[in-house]
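J.: Here it is, the structure, as C-alpha cells.
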Amino acid sequence: MKKKLLVTDLPGSQYEGKRVFVRVDFNVPVNGGEITEDYRIRRTIPTIDYLTRCGARVILASHMGRPKGRRIEHLSMAPVAARLNEFLGTKIHFPGAVVGRKVENTSKRLKNGEVMLLENLRYHNEEQENDADFSKKLASLADIYVNEAFGTSHRAHASTYGMTAHFDKKLAGLMVGNEMKFLSRLIRRPKKPYVVIVGGMKIKDKIGALKNIIKKADKVLIGGGVAYTFLAACGMSVGKCSVENEMLYWARDALNTYKEKILLPVDHVMAEAAGGKKTLAVTSSEILDDMTAFDIGPKTVEKFTSHIKGEGTVFWNGPMGFFELDDFSNGTSAIARSFALATWRGAITVLGGGDSVAALKKSGVKFSEATHVSTGGGACFEFLGGSDLPGISILSDS
Ligand code: ADP
Ligand code: MG
C-alpha cells in the first residue's frame, strides 16, 4: 500500500477556519453512564490538539457498541462528550444527533479551534450499509476528512468509506499513521533478527497474516491453542485439545517448508476441564487422551524466551494459554515479561490482537513497554495479510 498523507503533512495554515471531520474510535465501555476505560479517547488527543491549534473546526464521529440502527440510550456518546470536555479543557458541542438540522446548524456555528461530537453513528443503519445519501449528509458537514479509527478501517461504512468520495483532502490521523508505519514494517523489511510469537485459538481467522509473517520471520514460536494443530500435524496425540482439521494440511506444509524456523511447545499444563484441577506440566509425548492443554509449561517458556532478545524485531499475537484463568496464565505472563524486556534492551516490539492486549495488561506489563501496541484487531490482521483496507486505501497518497 502507498504511503498516506498524515494530518501533520499539511501546513497548519491550511486548516484555519476549515471544518475537519475526524472519524475516531470512541467505542469505549460504559457502565451505568460512566466510562470504565478511556484509553481510546486519550490516544486521539494528539490529532485533535494539532487540528484545534491550527484553527480548525473539528467534528468528531464514532460508533459505540451495536445499537443496530436504533437510539439506545446506554450507547449514547454523551459520556464521551463529557470526558472530552475534561481532556480538552473546552466545551464540546454535542447536538445529540448524527444528521439533521441541529447538527448542520451546530457545525456551521463552530468557531476556529472548537470541537463538536456527533451521536453514535450506528444509531442509523445507513452507517453500516454505506448508504449514499447518509454519506453525503455526513460529508456536507466538513471540508477536510481525517481517519483516526484504524480498528474500523477494514469496514467500508459510510463514515469510513462512502463519505470520503466527497472530499479532496483525506488524511490519516497520527495514530492511524503510526499503525501503518509499524505494521507495514513487519511485512516489508523488519529489522533482523525477526522473531514472531503466535498463540491464541484460531489459525483460520489470521491465516493471511500468518503466511506473510512466517515468510519474513527468522523464528516463529507457536504456543496457545493453535500449537495443537501443529503438534497434531506432526503426528502427535494431543488429547482433547482442539485441532483445526481444515488447517492441518497447511500446518504440515509450513512445518516442512520452515523446519528450522518454527518452534513448538515441549511441555504443557493440562486439566480435565477449564475449571478443573490442573496437573503439573507434562511433555508433549505424555499428553493424556482425556486431558486438555491450557498453558505452555516452564520448559517451553525457557525455550521460547531464549529467542526473545533485545535486538531486531519481535511481533506477538495470541496468548500462550487460557490466561483469563490464573491457573493457566503463567506462560502468557512469562512471555509478556520477556517481550517487555526485549523492548528495554532495544528490540522493536509490536503486539497485535484484542485478547493479546488484554493479556499484556493482565500480566502487569505497560503498553509503554512495547514499541507499538496495535489495537486494530481484525484491521491489524487484514493489513498484515496484505489486504487493502477500504478506510486506508481511500486516503490521499503522500
Ligand atoms: P487475539 O484476540 O489477541 O488475536 P485470539 O482471539 O486468537 O487472540 O485468542 C485469544 C484466546 O485464546 C484467549 O481467550 C485465550 O484464553 C485463548 N487461548 C489461548 N490458548 C489457549 C488454550 N491452550 N486453551 C484454551 N484457550 C486458549
Ligand atoms: Mg481475539
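J.: Write out, first by first residue and then by second, each pair whose Cβ atoms fall under 7 Å of each other, whose residues are 6+ apart or on separate chains, and whose first residue, in the range 335-362, is within 18 Å of residue 193 (Cβ to Cβ) and not assigned by TED's automatic domain parsing to the domain that holds residue 298 while the second is modelled with pLDDT of 95 or more and surrounded by fewer than 18 Cβ atoms within 10 Å (Cβ to Cβ).
T.: Short answer, once both residue conditions are applied: none.
J.: Output the number of the condition that residue 379 fails; it satisfies all remaining conditions of (1) at pLDDT 95 or above; (2) within 13 Å of the chain's Cα centre (by Cα); (3) assigned to a helix (DSSP H, G or I); (4) hydrophobic (A, V, I, L, M, F, W, C).
T.: (1)
J.: Within the range 284-327, take every residue that is more than 16 Å from ligand 1 (Cβ to nearest atom) and among the β-branched types (Val, Ile, Thr) and give me the one that is surrounded by the most Cβ atoms within 10 Å (Cβ to Cβ).
T.: Among those residues, the one meeting the criterion is 313.
J.: Let me ask something additional. Give 242, 184 a once-over and let me know the one that is among the polar types (S, T, N, Q), under 29 Å from residue 50 (Cβ atoms) and not assigned by TED's automatic domain parsing to the domain that holds residue 40.
T.: Going through 242, 184 in turn, just one is among the polar types (S, T, N, Q), under 29 Å from residue 50 (Cβ atoms) and not assigned by TED's automatic domain parsing to the domain that holds residue 40: 184.
J.: Related question: Inspect all residues belonging to the range 194-210 and state whether any of them is touching a Cys at 6+ places or on another chain (Cβ under 9 Å), part of a helix (DSSP H, G or I), away from ligand 2 (no atom under 16 Å from the Cβ) and not hydroxyl-bearing (Ser, Thr, Tyr).
T.: No, the range 194-210 contains no residue that is touching a Cys at 6+ places or on another chain (Cβ under 9 Å), part of a helix (DSSP H, G or I), away from ligand 2 (no atom under 16 Å from the Cβ) and not hydroxyl-bearing (Ser, Thr, Tyr).
J.: With the range 77-137 as the region, which helices (runs of 4 or more DSSP H) entirely inside it contain at least 3 residues that are under 18 Å from residue 164 (Cα atoms)?
T.: 125-128
J.: Separate question: Quick test for you: out of 215, 181, pick the one residue that is under 21 Å from the mean Cα position of the chain (by Cα), in a helix (DSSP H, G or I) and either away from ligand 2 (no atom under 16 Å from the Cβ) or within 20 Å of residue 304 (Cβ to Cβ) (or both). Step through it out loud before you land on a result.
T.: Working: 215 fails: under 21 Å from the mean Cα position of the chain (by Cα).
Result: 181 is the single residue among 215, 181 that is under 21 Å from the mean Cα position of the chain (by Cα), in a helix (DSSP H, G or I) and either away from ligand 2 (no atom under 16 Å from the Cβ) or within 20 Å of residue 304 (Cβ to Cβ) (or both).
J.: Right, here's the next one. What is the one condition in (1) at positive phi; (2) free of Cβ contacts under 8 Å to residues at least 12 places away in the same chain that residue 215 does not satisfy?
T.: Looking at each condition in turn, residue 215 falls short on (1).
J.: Which one of the conditions (1) modelled with pLDDT under 95; (2) within 16 Å of ligand 2 (Cβ to nearest atom); (3) hydroxyl-bearing (Ser, Thr, Tyr) does residue 332 fail to meet, given that it meets all the rest?
T.: (1)
J.: For the range 349-364, which positions are in a loop (DSSP other than H, G, I, E, B) and either of a type in the set (Val, Ile, Thr) or within 14 Å of ligand 2 (Cβ to nearest atom) (or both)?
T.: Correct list: 353 only.
The values are calculated or read from the model by the stated rules, or taken from the named source; none is laboratory data. Everything numeric in this text was worked out from a predicted model, so none of it was measured. Don't worry about glycine lacking a Cβ; one is built from the backbone with ideal geometry, like all the others, and counts go over all protein chains shown.
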